[in-house]
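> Sharing a structure, written as structure tokens. Questions coming.
The values are calculated or read from the model by the stated rules, or taken from the named source; none is laboratory data. Quantities reported herein were computed from a predicted structural model and do not represent experimental measurements. Quick reminder, even Gly has a Cβ in these numbers, built from the backbone with ideal geometry, and neighbours come from all protein chains shown.
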Amino acid sequence: MQLPANMFKRALRERRPQIGLWCSLCSNIVAEILATAGFDWIVLDTEHSPNELPMVMQQLQAMQIDANTASPVVRPPWNDAVMIKRFLDIGSPNMLLPFVQNVEEAKKAVAATRYPPKGIRGVSGNQRANRYGLVADYHAKADTEIGVILQAETRDAVDRIPQMAAVEGVDGIFIGPADLSASIGHLGNAAHPEAQAEIMRALKLCKEANMPAGILAPDEDDARRYLDAGFTFVAVGVDQGLLTKSTRDLAKRFRAHVGRS
């Protein structure tokens, strides 16, 4: 059995636009539905959702990676080597690492995904990532197939994008618009002109460093604008938000139909 190619990582390397979705509902059923909806990548979030490792493994199993499904991207709660190791062992092909602030933290993130001597990932001979020992070349090829994306979420982190992008093993820089706007005094207002200017500055620095840039944009107009500006991978929605909006819209239409406001 061969280790599957990481198609999302290849697409980023080739700068092919990748449309994603945030998955925060902590459900293997939701993950299974989203995986074949037509997105290129799906974030299984554990930083801002009550999503624990056994639940994430069920979601990864439900997604069943093949040519017709989205690539899973797991976001751990922190840039922590122990958590990263555990998510890699249950089969996450891509890691989205929050709040990476400098070169040292970028190197730490990459090292956590690499086996010695290139990194510090603990070695297990029998886990889901190598199909319980059936992928004979897993340890030799895992380093080249695991995607590492760093989140730049403050002005200081944006300043250091050129240095972080130069760290070997980094596959993309993801701009966190909510935290970035909060860090410059515009909490809850990523649309503020100063926040937007900082987002565009981050994109410019990524382009200059020849590094794919990503962002979360639940608003369709924002998502289109970011894609047109040159962001390579854009999450265009959040499952919780989609459920909230669609159910309320449906209820509103039928309450009006029966004469209730």
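> Answer yes if at least one residue in region 137-152 is out of contact with any Phe, Trp or Tyr (no Cβ under 6 Å at 6 or more places or on another chain), within 30 Å of G185 (Cβ to Cβ) and either modelled with pLDDT under 95 or surrounded by 15 or more Cβ atoms within 10 Å (Cβ to Cβ) (or both), and no otherwise.
Yes, because at least one residue in region 137-152 is out of contact with any Phe, Trp or Tyr (no Cβ under 6 Å at 6 or more places or on another chain), within 30 Å of G185 (Cβ to Cβ) and either modelled with pLDDT under 95 or surrounded by 15 or more Cβ atoms within 10 Å (Cβ to Cβ) (or both).
> Tell me yes or no: at least one residue of region 117-139 is in contact with a Gly (Cβ under 9 Å, 6 or more places away or on another chain) and farther than 25 Å from Q61 by Cα.
There is at least one residue in region 117-139 that is in contact with a Gly (Cβ under 9 Å, 6 or more places away or on another chain) and farther than 25 Å from Q61 by Cα.
> Looking only at region 18-31, count how many residues are farther than 11 Å from D239 by Cβ and under 17 Å from the mean Cα position of the chain (by Cα).
3
> In addition: For K207, work out the one condition from (1) touching a residue at least 24 places away in the same chain (Cβ under 8 Å); (2) outside any loop (DSSP other than H, G, I, E, B) it doesn't fulfil.
(1)
> Here's another thing I want to ask about it. Among the listed residues L180, L187, L205, identify the single one that is modelled with pLDDT of 95 or more and more than 20 Å from V100 (Cβ to Cβ). Even if it seems obvious, please write down each step before you answer.
Details: L180 fails: more than 20 Å from V100 (Cβ to Cβ); L205 fails: more than 20 Å from V100 (Cβ to Cβ).
That would be L187, the only listed residue that is modelled with pLDDT of 95 or more and more than 20 Å from V100 (Cβ to Cβ).
> For region 99-152, what are the residues that are aliphatic (A, V, I, L, M), free of Cβ contacts under 8 Å to residues at least 24 places away in the same chain and not in a helix (DSSP H, G or I)?
So the first thing to find is which residues in region 99-152 are aliphatic (A, V, I, L, M), and the list is 100, 103, 106, 109-112, 120, 123, 129, 134-136, 140, 142, 146, 148-150, 152.
So of that shortlist, the ones also free of Cβ contacts under 8 Å to residues at least 24 places away in the same chain come out as 123, 140.
Scanning region 99-152 gives a single hit, V123.
> Filter region 27-62 down to residues that are over 21 Å from D89 (Cβ atoms) and small (G, A, S) and give me whichever is surrounded by the most Cβ atoms within 10 Å (Cβ to Cβ).
Top of the filtered list is S27.
Residues are listed down the side, and each one gets a yes or a no for (1) out of contact with any helix residue (DSSP H, G or I) (no Cβ under 6 Å at 6 or more places or on another chain); (2) at positive phi; (3) at pLDDT below 95:
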{"residue": "S49", "(1), (2), (3)": "yes, no, no"}
{"residue": "N68", "(1), (2), (3)": "yes, no, yes"}
{"residue": "P72", "(1), (2), (3)": "no, no, no"}
{"residue": "R75", "(1), (2), (3)": "yes, no, no"}
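> From the list A111, A11, which residue is small (G, A, S) and in contact with a helix residue (DSSP H, G or I) (Cβ under 9 Å, 6 or more places away or on another chain)? Before the answer, list the steps.
On the way: A11 fails: in contact with a helix residue (DSSP H, G or I) (Cβ under 9 Å, 6 or more places away or on another chain).
One residue alone meets the criteria, A111.
> Conditions first: (1) over 17 Å from the mean Cα position of the chain (by Cα); (2) more than 12 Å from M164 (Cα to Cα); (3) among the aliphatic types (A, V, I, L, M). V103 passes all but one, so which condition is the exception?
(2)
> Can you tell me which residue within region 221-258, out of those that are part of a loop (DSSP other than H, G, I, E, B) and β-branched (V, I, T), is surrounded by the fewest Cβ atoms within 10 Å (Cβ to Cβ)? Steps first, answer last, please.
Just the residues of region 221-258 that are part of a loop (DSSP other than H, G, I, E, B), to begin with: 230-232, 258.
Next cut, β-branched (V, I, T) only: 232, 258.
Details: T232: 24, V258: 6.
Among those residues, the one meeting the criterion is V258.
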